[in-house]
Structure formats: C-alpha cells, structure tokens
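The values are calculated or read from the model by the stated rules, or taken from the named source; none is laboratory data. Keep in mind it's a predicted model, so treat the numbers as computed, not measured. Cβ coordinates were reconstructed from backbone atoms using ideal geometry, including for glycine residues, and neighbour counts include every protein chain displayed.
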Amino acid sequence: MKAFTFLGTGKLHTSTYTFKEKDSQPTQFFAEAIIEFFNPESLYIFATESAAQESVSDDETTARLTFLNKLLGKRTKVVSVPIPEGSDETELWKIFNIVVEKIEDNDKVLFDITHGFRSLPFLTFLALAYVRKVKRDVEIERVIYGAYEAVERSDPKKPVFDLTPFVSLLDWLGAVTMFLQTGDARPIADLDVPAAIANALTNLSDSLLTNRTLEAQTAAFTFNGLNFAAPAPPFQMLVNQLKQSYQQMAVYNPSNSPRQSLKAQYLQIKWYVENQHYLQAITLIREWLISWRCLRDNTGWLDMGSRGNAETALSASSNSPFTVLDPAQMTASQLWDKCVTIRNDLAHCGMRYHPQGSANAVEEIKNLFNEFKEFAPNNLVP
C-alpha cells in the first residue's frame, strides 16, 4: 500500500492520535501515526519548498522534510515529492498531475489530507475520482484526517477521522450522472442499496434497454411498491426522481390490462425519446400502432396471428385508394408508413446503398414522435 500525505507549515505540537480505539505513540508528525496505524509499504510526502525548508521548531533548525525522512526512513520507504505552492490555476493543475502520476495500475492507496493547505483536500478528492476511472484496479484503501482541532487543544489525544465512506459519493456521482443522461439505473443498483431495490432497478433497466415492454411495466410496478425507508443517504435523495421517472410506466399484470398497458407504453416511448434511446423508441412506436389496431378491431393483442393481421391492415389502409378510413385510422396509417421506413433503415444497421445518416435518423424519429404524441393520448381505445 502507498500512503500519500502532505507536509504542513504550521507550528508543531506533540499529540497522541487515536484510531479505532488504538493509540499512537506521542508524535509531532501525523505521518508517523500513519505508519504506526496502517503500516504502508511506502510513504509519499508531498511538500512545497516552503514547507520542506520550515524548521522543526525554534530550538531545532533542521528542515522539516529532512527531519521527517530520517525519522521515518527506517520504518518504511519514504518518497519526497516536491509540489508548487498552488498559488494559481496552473500550479494547481501541476499538483493534480503530480499526485495522479504517482498512482499506478493495481495500486492500493491511502490518502491523508490532514495538512492539505487551502484547496489541496479538494484537489486530492478530484485526483481520487480521476484515477479510479482511468487507471486499472486502483483501490482507495482509506482517506484519513488527523483531527487535531476536533478536541480541546489541552486534550493529549486527537481523533483520526476515517473519510473513506465518503469516497463512495464519487461512485454515486457517476451512477447518478448515468441515470440522468440515459435513464439507466444499473450503476445505482451496484451501490449501497438493499438487494430488493438493486434487483428491481436492474430488472427495470434491463427490460427497458432490451425493449421488453410488458416486463418493464411489471418491473416498474414492483419498484414503486418497495420500501425506501432504509437505504443509504445518497439514494434517499434519488428516490423521488426514480419514482417520477418510472411510475407512469408501471402496470400491474399488463398482459391482462391491454388498454392500461397501451397508455403506459406511450409514456415509455416518451421516456425513450427523452433519454435518447431512439432505436427502442421507433421499435415500440411500431408495436404500439399494431397493438392499437388489434384493440380497435377487438382481436387478441398479444396473439401473433392477430398482430400480423393488424400489421397487414395498417399497410393496406395506407396504400389503398379505395379503402374508406376514419380520421384515426388515416392518421395511424400515415404514422405507420413513416415509422416502418425509419425502423427498417435502422433495423438493417445501414447495410444498404444510401442509408440514412445517424443525425438524420434521430431527427426523423423526433419528428415522428412529435406527430405520434398528438395522436396517441387522444386515441387510446376506451
């Protein structure tokens, strides 16, 4: 394990640090307590020039970094890392890069932010977030803080705060970002949430992303009926957003509730478009029109023969000049023609001469949905 710490410039005081009911030996340097508590294979000391040259005390003129290297060098490998003062944005980026460069693939790292001056603790957390995403199998063993000022100065024992649980907020940030951008809640399910909630979110996201429409409606119904009282605080902040995102597509036993399911499917299509799942959106619009025709003709909406007949009827109605259509049938047939053209182009993955460009296809799906949303809510079969 590598331990990273920063060298401070403040006046030194001898203290005993306490971590998980274990006391360190009295020391002026929290870095010594780090070695005692965590026994790292190496200790990286990040120090500005001014901190490195600061004397140990008025009576001891030895530079702090020199003194600390001698004090700790026999107990672990000490690596001194010079950093700029951080007096402007350019220097802050240099510090960030220096910290990141010291972390390699497969490293296990402890971060101590006790003496991080000004913005250095914040910069450290940014480095944590970065390396966990761009370097392979980096494990953040601990993030700690020697809380000298958390108790009265006269108290000889100073607590060590374990901030490691807050590193999980970085995972929550990534998971929430994914959810807000795509509606995919699977990364949230991988975090600190109860198994029932994790399973429901995974099933719901999987069914939505694979266009298992009735399965998604059942999963949404299950999710909305769960108990959300116990999960971790970051999840509690998301509960309302998750419920609002999924509750309108929730249907109990959708196979036996075709009209209710069709209404929820419209909202699911809307969700697909808003979350940029355009292929799922165009596919479900096509199936929605077939289901609508089945219900209008009072035939089995999940029966493959009935659906095939409805598909034929939609195609024939739009192509026959002799078929008399009511306004709803006319609009449905026009939507069908546009939908089929776009869907077929996408379903064949552009493997043809002169396929639609992706930008054009997305624009056409958006335009089709704008027409569809004028039709669907007003023509749900009673």
> Applying the selection to region 71-106, what residues are in contact with a helix residue (DSSP H, G or I) (Cβ under 8 Å, 6 or more places away or on another chain) and among the acidic types (Asp, Glu)?
Replying inline: 85
> Checking residue 229 against (1) crowded, with 20+ Cβ neighbours inside 10 Å; (2) without any contact (Cβ under 8 Å) to a residue 12 or more places away in the chain, which test does it fail?
Replying inline: (1)
>> Restricting to region 70-95, name every residue that is farther than 13 Å from residue 6 by Cα and either of a type in the set (A, V, I, L, M) or not in a loop (DSSP other than H, G, I, E, B) (or both).
In response: 70, 71, 72, 77, 89, 90, 91, 92, 93, 94
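Here's the yes/no breakdown for (1) surrounded by 15 or more Cβ atoms within 10 Å (Cβ to Cβ); (2) of a type in the set (Val, Ile, Thr); (3) touching a residue at least 12 places away in the same chain (Cβ under 8 Å):
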site	(1), (2), (3)
315	no, no, yes
344	no, no, no
349	no, no, no
369	yes, no, yes
374	no, no, no
377	no, no, yes
>> From the list 260, 241, 247, exactly one residue is in contact with a helix residue (DSSP H, G or I) (Cβ under 6 Å, 6 or more places away or on another chain), surrounded by fewer than 22 Cβ atoms within 10 Å (Cβ to Cβ) and either more than 21 Å from residue 221 (Cα to Cα) or not β-branched (Val, Ile, Thr) (or both). Which is it?
In response: 247
> Do any helices (runs of 4 or more DSSP H) lying entirely in region 207-292 carry at least 1 residues that are β-branched (Val, Ile, Thr) and more than 14 Å from residue 372 (Cα to Cα), and which ones are they?
Replying inline: 213-224, 239-246
> Name the residues in region 79-118 that are among the polar types (S, T, N, Q) and surrounded by fewer than 20 Cβ atoms within 10 Å (Cβ to Cβ), would you?
Replying inline: 80, 87, 90, 97, 106
>> Please count how many residues of region 43-69 are outside any helix (DSSP H, G or I) and either out of contact with any Leu (no Cβ under 8 Å at 6 or more places or on another chain) or buried (at least 16 other Cβ atoms within 10 Å of the Cβ) (or both).
In response: 15
> Among the residues of region 194-201, is there at least one that is more than 30 Å from residue 378 (Cβ to Cβ) and in a loop (DSSP other than H, G, I, E, B)?
Replying inline: yes
> Going through region 122-181 one residue at a time, which ones are among the small types (Gly, Ala, Ser), in contact (Cβ under 8 Å) with a residue 24 or more places away in the chain and not assigned by TED's automatic domain parsing to the domain that holds residue 33?
Replying inline: 168, 174
> In region 119-144, what residues are surrounded by 16 or more Cβ atoms within 10 Å (Cβ to Cβ) and under 19 Å from residue 39 (Cα atoms)?
Replying inline: 138, 140, 141, 142, 143, 144
>> With the requirement that a residue be at pLDDT 85 or above, in contact with a Leu (Cβ under 8 Å, 6 or more places away or on another chain) and of a type in the set (D, E, K, R), what does region 120-158 give you?
In response: 141, 142
>> I'd like to know if region 32-42 contains one or more residues that are surrounded by 14 or more Cβ atoms within 10 Å (Cβ to Cβ), at negative phi and in a strand (DSSP E or B).
In response: no
>> Between 216, 250, 220, 281, which is modelled with pLDDT of 90 or more, aliphatic (A, V, I, L, M) and within 19 Å of residue 332 (Cβ to Cβ)?
In response: 281
> Here are some residues: 26, 84, 40. Which one is farther than 17 Å from residue 111 by Cα and in contact (Cβ under 8 Å) with a residue 40 or more places away in the chain?
Replying inline: 26
